[in-house]
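Working notes, structure below.
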Amino acid sequence: MAGSGTILKEFKKGLWAENPVIKMLLGMCPALAVTNSATNGFAMGMATTFVVISSSTMVSLIRRIVPRQVRIPTYIVIIAGFVTLADLFLKAQFPVISKALGPYVPLIVVNCLIMGRAEFFASRHPLFPAIMDALGMGLGFTGVLVVLGGIREILGSGSIFGVVFMTEEVFTPWVVMILPAGAFLTLGLLIGIINYASQRREST
């Protein structure tokens, strides 16, 4: 039985030390494609968090009965099932957001973050550590997408979560920030600033 300190460590690592986006550079496709607004970033992050927690839970529960020869196909089927649930939920309850996210919700199936947690953690650990690992990774992923989407939305539209607080009379939006180039620029600068701050902290 894992101790509370170990459980907390498994949760916290996804928030910073092993953050999927800024540290491991996983899930780059949705991180760059859907973060033209904070709302889209949050929605994609929550959908991914649901899938990674649900799939890790299932994989941990069946880890002793799945033959190693078919483990990857089994995990893909499990992940695809939960992705379908998330996609149908968004289409039914939040059709506008679902349309804005487009094909990137179904593409969660091939997100390396989710398969990685299933293969390298959930399949080798008991239920509760697997859930906490998935929760930390999901929230870390969501946090970066919200920050990335928020920066791009503020600079590109003068709004945050759809609420306009800077009109064109006082601020000229940077149109590039809501385009693909803005995604690469913002993420690159964000990773660079974080790495620089981390190095400075380690050197002091």
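Readers should treat all values here as calculations from the given coordinates under stated rules, not as data from a laboratory. Because the structure is a prediction, the values reported are computed rather than measured. Note that we place each Cβ from the backbone using ideal geometry, even for glycine, and neighbour counts take in every protein chain shown.
Please identify, among VAL83, VAL170, VAL66, the residue showing maximal mean-square fluctuation in a Gaussian network model of the chain using a 10 angstrom Cα cutoff.
Most flexible of the set in this elastic network: VAL170.
Please give the charge dipole size of the chain, origin at the Cα centre, charges +1 on K and R Cβ atoms and -1 on D and E Cβ atoms. Round to the nearest 20 debye.
So the dipole magnitude of the chain works out to roughly 760 debye.
Below 17 Å, Cα to Cα, which aspartates and glutamates can LYS9 reach? Residues fewer than 8 away in the same chain don't count.
Excluding near neighbours in sequence, the set is GLU18, ASP133.
³J(HN,Hα) across the stretch 159-166 via Karplus (A = 6.51, B = -1.76, C = 1.60, θ = phi - 60°), whole Hz, x for Gly/Pro?
Using θ = phi - 60°, the values come out as 9, 9, 6, x, 9, 6, 10, 10 Hz.
Give the cross-link partners of LYS99 among the lysines, using a straight C-alpha distance below 28 Å as the criterion and excluding same-chain residues fewer than 8 apart.
LYS91
DSSP loop GluC sites (Glu not before Pro) in the stretch 149-204 with at most 10 other Cβ atoms within 10 Å of their Cβ, which ones?
GLU168, GLU169
Can you show me the helix-derived [θ] at 222 nm for the chain, built from DSSP H runs with n ≥ 4 at -39,500 (n - 2.57) apiece and divided by the number of residues, rounded to the nearest 500.
-22000 deg cm²/dmol
For the stretch 80-95, what does the Karplus curve 6.51 cos²θ - 1.76 cosθ + 1.60, with θ = phi - 60°, yield as ³J(HN,Hα) per residue in whole Hz, taken in order and with x for Gly and Pro?
4, x, 6, 5, 4, 4, 5, 5, 5, 5, 5, 5, 7, 9, 9, x
I need the calculated FRET efficiency for the pair ARG124 and MET166, taking r as the beta carbon distance and R₀ as 41 Å, to the nearest 0.05.
The computed FRET efficiency comes out at 0.25.
Leaving out same-chain residues fewer than 8 places away, which lysines sit with a Cα under 25 Å from that of LYS12?
Those lysines meeting the cut-off are LYS23.
If amide hydrogens are placed 1.01 Å from N in the peptide plane, which non-local residues have theirs closer than 5 Å to the one on ILE160?
Result for ILE160 returns PHE165.
List the trypsin sites (Lys or Arg not before Pro) in the stretch 64-149 that DSSP assigns to loop (not H, G, I, E or B) and whose Cβ has at most 10 other Cβ atoms within 10 Å. Which are they?
ARG64
Through the Karplus equation 6.51 cos²θ - 1.76 cosθ + 1.60, θ set to phi - 60°, convert the phi angles of the stretch 44-60 into ³J(HN,Hα) values in whole Hz; use x for Gly and Pro.
Values per residue, Gly and Pro as x: 5, x, 5, 5, 5, 4, 4, 5, 5, 5, 5, 5, 5, 4, 5, 5, 5 Hz.
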